[in-house]
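For reference, the structure discussed in these notes is given below.
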Amino acid sequence: MTVAKIVYASLTGNTEEIADIVAESLEDQGIEVEVNECTQVDAADFLEADICIIASYTYDDFELPDEIIDFHEELLELDLSGKIYGVVGSGDSFYTYFCQVVDQFDKAFASVGATKGAESVKIELAAEEDDIVALEAFTKSLITTFNEA
């Protein structure tokens with residue numbers, strides 16, 4: 001069975017909710033899903049998954065949240081060749097650089113050989129109906145990319 005691992009960082013609960021929406025959508029499509037808060041796992045746990053997903057908020061303008069810095073550094077030391085990845089996150093357009101952590105994780109996954117399975121999804125604060133549609137399309141794309149690999 002195909003296994004997806006979702007690792008998230010959430011301060012207000014918005015990003016945890018986004019991770020849960022992604023997990024539910026994947027499960028509805030027959031994928032086994034593991035969801036973990038970023039301080040509870042190691043980046044190397046992605047080696048046991050077929051599809052690797054990060055869900056994170058962006059702190060201030062473009063900073064990684066403190067709780068996910070170590071995970072990000074560990075991720076950069078892995079070889080994730082053959083893995084499919086996707087990145088989602090929440091942010092506040094009040095700041096100059098909206099959802100920059102999403103872009104940082106996208107670059108990190110690409111640098112360790114993983115294959116991008118879907119366009120990243122950036123959400124303003126909490127997920128609304130149109131965001132849920134985008135997240136469901138995100139999961140379908142991840143699965144399609146996995147199946148074609």
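Given the structure, is THR15 surrounded by 14 or more Cβ atoms within 10 Å (Cβ to Cβ), out of contact with any Leu (no Cβ under 6 Å at 6 or more places or on another chain) and among the β-branched types (Val, Ile, Thr)? For THR15, the condition - surrounded by 14 or more Cβ atoms within 10 Å (Cβ to Cβ), out of contact with any Leu (no Cβ under 6 Å at 6 or more places or on another chain) and among the β-branched types (Val, Ile, Thr) - is met.
Residue selection: ILE51 satisfies the criterion of being within 19 Å of LYS107 (Cβ to Cβ), under 11 Å from the mean Cα position of the chain (by Cα) and in contact (Cβ under 8 Å) with a residue 24 or more places away in the chain. Within the span defined as segment 111-133, every residue fails to be over 17 Å from TYR57 (Cα atoms), open to solvent by less than 10 Å² (accessible area, probe 1.4 Å), in a helix (DSSP H, G or I) and touching a Ser or Thr at 6+ places or on another chain (Cβ under 9 Å). Of note, LEU76 does not satisfy the criterion of being hydrophobic (A, V, I, L, M, F, W, C), at positive phi and open to solvent by 60 Å² or more (accessible area, probe 1.4 Å).
Annotation: of all residues in segment 86-128 being at pLDDT 95 or above and of a type in the set (Phe, Trp, Tyr), the one that is farthest from SER10 (Cα to Cα) is PHE109. From the list LYS83, LYS140, the lone residue that is in contact (Cβ under 8 Å) with a residue 12 or more places away in the chain, open to solvent by less than 60 Å² (accessible area, probe 1.4 Å), farther than 23 Å from GLY13 by Cβ and basic (Lys, Arg) is LYS83. One residue stands out among those in segment 24-60 that are open to solvent by 10 Å² or more (accessible area, probe 1.4 Å) and among the aliphatic types (A, V, I, L, M): the one that is nearest to SER93 (Cα to Cα), which is VAL35. Candidates in segment 96-110 are the residues that are out of contact with any helix residue (DSSP H, G or I) (no Cβ under 9 Å at 6 or more places or on another chain) and not in a helix (DSSP H, G or I); of these, the one that is surrounded by the most Cβ atoms within 10 Å (Cβ to Cβ) is CYS99.
The values are calculated or read from the model by the stated rules, or taken from the named source; none is laboratory data. Computed from a predicted model, the values in this text were never measured in an experiment. So basically every Cβ, Gly included, is an ideal-geometry build from the backbone, and we count neighbours across all protein chains shown. Note: areas computed on protein heavy atoms with side chains; ligands, DNA, RNA excluded. Shrake-Rupley method; radii C 1.70, N 1.55, O 1.52, S 1.80 Å.
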